[in-house]
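Asks: One structure coming up, written as C-alpha cells, with questions to follow.
Every number here is computed from the coordinates shown, using simple stated rules; none is lab data. Here the structure is a predicted model, which is why all the values come from computation and not from measurement.
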Amino acid sequence: FKTVFSRQVGKVACIVLVGVLAAAPVFALHPHYNTYFNPCWRVTDIKNIITLGESSGLDIAAKYLNQKPNVHQLEVLVSPSGAEFFQYYFRGTVYRTDKIPTAGPSQFHNVDYEVVYIRDLQIGRVPQTGTLNGELEHQISLNGINHVWIYRIEPKETK
C-alpha cells in the first residue's frame, strides 16, 4: 500500500510541477496575460499571426502621459480600438482618430499627442506612424512586441 500511495503522490506532484512550469511565463506578464505567445512561433513575424486586443499596454501609455506636468490640458488623439480604454485611464482630453470631422486632421490643431494601438495597425485602420505625422516619443512593449506608439505633435500656428 505504501509503495502504491507514494507512486500516486509522485505522479500527481510531477503533473502539478509541469503545470506550474508551463504557466510561469504567462503569470510573469501580469496583468497583461493575453500578450503571451509561444517563443517557438518566432519563425515568422508574430504580429501578423496573433490577434492582439483588449487594450494591452494602453494603461501604461496613459500612465506615461499622466506624468506630464500639464496633463489636464493635454489633448490626445487615439486610434479607434484603443480610445475607449485609454480614456478610462487618461486624465486629459481624448479624441478618436475615426471621429475626425470631414475637415480632416487640421481640425485638431491643438492635439498634443497621438497614440496608435497595435490592433488598429494590424487591421489597417491607422498607420503605425499615426495620422498627424508626429515625432515618436515613446513606445510600449509587452513580451517583446511593441503594442502602443506615442507621437508628440508639434503645435500648429493658427491664423
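Asks: Near the amide H of Leu142, under 5 Å away, which other amide H atoms are found, from residues 5 or more places off or on another chain, if H is placed in the peptide plane?
Replies: Excluding prolines and chain starts, which carry no amide H, the hits are His147.
Asks: Also: Residue by residue, what Karplus-based ³J(HN,Hα) values in Hz, rounded to whole numbers, does the stretch 115-132 have, using 6.51, -1.76 and 1.60 with θ = phi - 60° and x for Gly and Pro?
Replies: Whole-Hz 3J(HN,Hα) from phi for the stretch 115-132: 10, 10, 9, 4, 5, 5, 5, 4, 9, x, 6, 9, x, 4, 7, x, 9, 10.
Asks: Quick check: residue separation of Arg96 and Glu154 times 0.36 nm, minus the Cα distance between them. What number comes out in nm?
Replies: Once the chain is fully extended between Arg96 and Glu154, it gains 19.0 nm.
Asks: Something else: Read phi for every residue in the stretch 79-95 and hand back ³J(HN,Hα) as whole Hz from Karplus 6.51 cos²θ - 1.76 cosθ + 1.60, θ = phi - 60°, with x for Gly and Pro.
Replies: 4, x, 5, x, 4, 5, 6, 4, 4, 5, 9, 8, 8, x, 9, 10, 10
Asks: Going by amide H atoms built from the backbone, whose H comes under 5 Å of the H on Arg96, apart from near neighbours?
Replies: Hits under the 5 Å cutoff: Val78.
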